[in-house]
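For reference, the structure discussed in these notes is given below.
Read-outs: derived from the displayed coordinates by stated rules, not from any lab. Predicted model only: the values in this text are computed from it and were never measured.
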Amino acid sequence: MKFEPYTDVALTCDLPKHRLKRGDIVKLVDRHIAADGTESYSIEVFNAVGDTIAVTIVPASALEALREDEVFCARPLNLA
């Protein structure tokens, strides 16, 4: 699925390196297409008060559009 830049989307998988979980909301920053046609996105992740906590690149398959039947929630970012 192609997403527009600066759109909020949800993760479809955990990203342990960044302490992120499936369902966390991320902001799309840029779209990338590799020479083999693989699509990926640069994402920025914010905490609940708006501070950037991660910037990384994920494959398009790691993202899904937000739906009307979903609600935001807050969870602690475990500092391991």
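Within the chain, the ratio Rg/Rh, alpha carbon atoms throughout and Rh by Kirkwood, equals 0.96.
Applying the Karplus relation 6.51 cos²θ - 1.76 cosθ + 1.60 with θ = phi - 60° to the stretch 27-32 yields 3J(HN,Hα) values of 9, 6, 10, 7, 10, 10 Hz, where x marks Gly and Pro.
Only Cα pairs under 8 Å and 6+ residues apart enter the sum, and on that basis the relative contact order of the chain stands at 27 percent. A straight chain from THR7 to ASP36 at 0.36 nm per residue would run longer than the Cα-Cα distance by 8.0 nm.
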